[in-house]
Amino acid sequence: MRNVLKIADIKSALHVGIPNVEPVLYRLCILHFHGLRMPLMKLTACSIVLLTGLLFALPGPTVAAPAPDYDASVVEITVTYQDYDPQIPWRKKASARRQGYGVVISAGQVLTTEDLVRNQTQVELRRAKSGAKLAATVLEADDQLNTALLTFSNSVTANAVAAANALLPMSLADTIRRDDRLTIVKLEKTGEFQTSEGRVVELSASASPRPLALKVLTQSSIDGNGTPALLNGQLAGISVAYDKKTQTGLFIPCTTLRRFITDANSPPYKGLAWAGFQFEPLLDPVKRRYLGVTETNGGIVVTKTTPGSGAAEVLQAGDVITAWDGIPIDAQGYYTDTDFGRLRLAYLIGGRRAAGDSVPVAIVRDRKPRTVQVLLKRQRDRDEFIPEAISPGRPGSAGALRPGESVEYLVEGGLVLRELTGNYLRASGENWKLQMNPRLVYYYLHQDKFARQPGDHVVLLSMVLPDSINIGYQEFHDQAVTAVNGQPIRNMADVFRVVDSAGGLRRVTLLGCAVDLALDKAALTEANRRIAEQYRIPRLRYQKER
Amino acid sequence: MQAILRYGILLVITWVAVTVGLNAQAAWLGKHGFRESVVKVYTTIQREDYAWPWQPAAPSSASGSGFIIGKKRILTNAHVVSDARFIEVQREGQSRRYPAEVAFIGHDCDLAVLTVRDPEFYAEAVPMELGDGLPDLNEEVIALGYPMGGERLSLTKGVVSRIDYQLYTHSQVDSHLVIQVDAAINPGNSGGPVLFKGRVVGVAFQGIPNAQNLGYAIPLPVIRHFLTDIEDGVYDGYPEPGISHMETPNPAMRRNLGLPGNDTGVVISFIDPFGCAIGILQTNDTLLAIDGHAIASDGTVRLDGQTIEYVELLERKQCGETVAFKVWRNGQALDISVPLANRNDPFAFRYAYERRPEYFIMGGLVFAPLSRGLLMAAGGELNQWYAHHLLYYATFAKVDGLISGRDQFVVLRNRLAHPVNAYDEPYLNKIVREINGLPIRNMQDLPSAFSNPTNGFHVIRFLDDPDPLILDATETANADPVIQRRYNIPEISHIEPAGVRK
């Protein structure tokens, strides 16, 4: 017999179908919410078993020893979000909701993960015990760190204010180490908090922008991002992922959280420092001899630099980086962190420094050692040749889009022009690499190869909405556009400029196709009106303010 | 245009259509005498293994169908006898099989002619006659053959349900006319005749997996083209004009091109550097007529009361003939003749048969040219970021001008593990740009490039990656005999002489 029974379990029991129990069970639900007012005598024998379980679920004896009052510091967050259709930019998907947790870290501020609040249209904080709800707004969300800071909305009811006042900020742990024992705080559906233990099994910096992650082996599962893990009652991390198979959760550590909170509270937001280069390990002794880096054991070789980055100004492919910011780098790209031990170079670059800092880098170039200064900047999705465009942040944050903003597009004569994004490619499914035009996939996977000016993007003829004005062109889709109206274009801004100066789209030139797709000037206005009406497109263009 | 922009073409490799034959039913055969002309073809096939190119795959037995045509020849599908090490044929009623040889094979049209030396095989055989023309839709045809490996002749009836252009899966590149028959076709029937009013109008050759009652046959025009081609003793293949076109129904496009009329011509959007039209026709030329027949804006011509695609007229021609176009260029109508040929196109990426895969091993690193065989062997790896670019290079080699002096893309395809190459795994699947300062244009460049080490190193540079792979020249030379023994490799390289590749 289960000792804790939830409403969900009762519902599933209903679906299994125990006929004579059904009406009683329905009352049980009512009973649960409105207190024990129902006469219990009417219950059948079968349902008494269930009721017993339910009674235990009510505040009472089965729940583990009463924990510290997390209700004052941990809130449930319900986010209503609405994503744009990644393939049809004027179309929004139906709104949906997701839930996670947040931690009150100062008066009026709640910390959670960025992916919880992504594309949010409404964020609600809910007090577990009282059920009181507070509306919140996103102060700052960083998709690279996967962190978000929320503030309570001004328009709160008197009740909610009272609820907010009762909130108690949780302090952040100073640091965290391997093998630390953490307390993971879980909110049960009953509104009761439960705790379980977790152990830090790994501290690692991934190659992706997110600088440092704690891998925590947990006793029980974690559901919902933002679940806090505590070290001696202080916040040690918030969860971003959980793997059932290995029973490990991934947490953003307190060191990263502290940086983020400080940064977010002292605008302008600076974000994660980024150098802008790629490297390969330099383990091969033959290659070390070839490059003339035999006298040191460490060092990695630079393979690519990203145009517009700090690295692009001073580093070049073939440079061997032997030390970063005064700390030696081994041949696999790791260093020894004073706090965390062996970590990837990525954390040294992004984790300790802020955008705007300049750091000394020891390199070997042409067999001679030298030191260069690399300016750290913030990597901004919108500056990428092919941005991801999945994660709108606030203005000035790394995301290519503002909250609720679609990518730029233009529908003229049924021809849909937009820029290529990672989100667009991946929208075609798991096998997108084989399903999309191999040229576009190649551009995306090898975008570092394309030496370019900042602001260069790939403009696509993504689809053609069939209409009499575009007969003959209707089979085209996902083609790279090199020119409009005969003028070369590098991005949608160019497209808007050229099209506006000509009073409309006259011709589109596709890569690899010598014949332009021409549109009938005289028929264009009427066609646009018709297409907007037929396909119910609210706006035929979206152009960002610049 | 479509041919080039339909990048999906290469993806067909993952959806290889099965070759199929027809079901059996009636016994009304005997009185027609077809029994004597249809043969079962027994083969022992040994494919190449592009993952382990120095050693072919294990042999396996297969069977197909064929039929006797004049001059003591047997017509069958190319795919029935491709990569065959041993071929036997047997006519219905014969008590033994007769060894046969491939006299001609056309991989682009999936047809082959076999001959049998023993005259006894042909005793009392009645060659089948080719029909006069294509049957119409809804005409009843019968298909004969040996589906599913059966020993006795089988017959299926069906009607012609469609005649259209379609990809021939044997080469995975070529499209020709196809007759679609509404009868289920099964493996083993391949190469069998499709008869209309007692005469051959097609050769059954492929179907679509999961599609019911759909069979495809190679139609008469393609059969005749093949037989005419081999009359001079050599199969040249279809001429390759190498032009991609766009249809011109859009009035704005027509005005933009300054085209006369309102329903004429298709406009050239791309010219293949290996086609025979290059240097003669230009992009943005509009083809108004072919051999005196006006081309409509959708690319069709009216001929003998029928509407057919102009490409079909091109397909009737042989290499060495010419085609006369009326071309609209710069506001003028010009008469332009294009001599037809089939140039060696190393970037067609046809599947190669009867050809040993090329490879070259240095320091346990296996270099191989990008080919359809290699792509198919790579399979799911193409869905990975580290190999996907091979698909791009194969698909857009010519359109995006990726060739730049090469006639092959040489790929570092494999690593036979040995201490000499312990750190070289990250370079796999990259395309070689240069070795020791010498540009690598094809496999033949490899031996000479490796014969000139750079200060005791081999420096291998790749496309799309500035990071070179470095080998110690001396260590490498010492390692290869060891690697060759350890991995049981008979030869350290196989490179075809120039001009053989196709």
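What follows draws every value from the coordinates through simple rules; no lab data is involved. Everything numeric here is computed off the predicted structure, so don't read it as measured data. Quick reminder, even Gly has a Cβ in these numbers, built from the backbone with ideal geometry, and neighbours come from all protein chains shown.
Most tightly packed first, judged by the mean number of other beta-carbon atoms within 10 Å of their residues, the peptides A:340-346, B:300-306, B:284-290 read B:284-290, A:340-346, B:300-306.
Computed over chain B, the alpha-carbon pair-distance distribution with 20 angstrom bins reads 21, 47, 28, 3, 0, each value a whole percent. In the structure shown, the pairs A:215/A:287; A:215/A:377; A:449/B:398; A:287/A:368; A:304/A:544; A:129/A:186 are assessed against 25 Å; a Cα-Cα span above that value is assigned to A:215/A:287; A:215/A:377; A:304/A:544. Within the shell defined by Cβ-Cβ distances under 11 Å, the residues around residue A:358 carry a net charge of -1, with Lys and Arg each +1 and Asp and Glu each -1.
In whole angstrom, region B:243-339 maps to an equivalent ellipsoid with semi-axes of 20, 17, 11, each derived as √(5λ) from the alpha carbon gyration tensor and ordered largest first. Take each residue of peptide A:473-483, count the partner chain Cβ atoms within 10 Å of its Cβ, and average: the result is 2. May I ask you to list the lysines whose Cα is less than 21 Å away from that of residue B:72, ignoring any residue fewer than eight positions away on the same chain? List returned: B:40. Shielding value for B:447-457 is 1, the average number of Cβ atoms from other chains within 10 Å of each residue's Cβ. For the pair region B:426-456 and region A:461-529, the centres of their Cα atoms are 43 angstrom apart. Which trypsin sites (Lys or Arg not before Pro) in region B:173-282 sit in a loop by DSSP (not H, G, I, E or B) and have at most 15 other Cβ atoms within 10 Å of their own Cβ? Answer in residue order: B:197.
The local environment of residue A:181, defined by Cβ-Cβ distances under 13 Å, has a net charge of 0 under the rule Lys, Arg +1 and Asp, Glu -1.
Inter-chain neighbour count for A:510-523: the average number of beta-carbon atoms from partner chains within 10 Å of each residue's beta-carbon is 6. So which aspartates and glutamates can residue B:326 reach, going by Cα to Cα under 19 Å and dropping same-chain residues fewer than 8 places off? Excluding near neighbours in sequence, the set is B:240, B:247, B:263, B:285, B:291, B:298, B:309, B:312, B:315, B:335.
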